Amino acid sequence: MKTFEKFPKTTKCPICGTNENKICVLIAKSDKIEGNIAEAQCYHLDCIELLQYIKGNDIVIAHSFEVKK
């Protein structure tokens with residue numbers, strides 16, 4: 001999984017509600033995929049490692065990720 005070192009200043013993690021500058025990942029919104037293009041949401045990596053998060057019809061289940069630099 002591709003990770004990013006800086007969290008965008010103009011968005012907030014839907015789990016913790018902050019834009020704290022930590023390692024983050026992009027997760028595609030399941031209802032926003034057309035061909036090879038998808039709308040995605042930015043999440044703090046440590047937030048999704050600790051939590052099974054359910055919001056509306058989007059389900060993110062994450063227990064651990066290998067961080068690749």
(Q) I'd like the full set of residues that are surrounded by fewer than 13 Cβ atoms within 10 Å (Cβ to Cβ) and basic (Lys, Arg), limited to region 1-26. (A) Lys2, Lys6, Lys9
Q: Can you confirm whether region 8-31 contains a residue that is of a type in the set (A, V, I, L, M, F, W, C), modelled with pLDDT of 90 or more and in a loop (DSSP other than H, G, I, E, B)?
A: yes
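The values are calculated or read from the model by the stated rules, or taken from the named source; none is laboratory data. Remember, it's a predicted structure, so these values are computed and weren't measured experimentally. Heads up, the Cβs are rebuilt from the backbone with ideal geometry, glycines too, and the neighbour counts pull from every protein chain shown.
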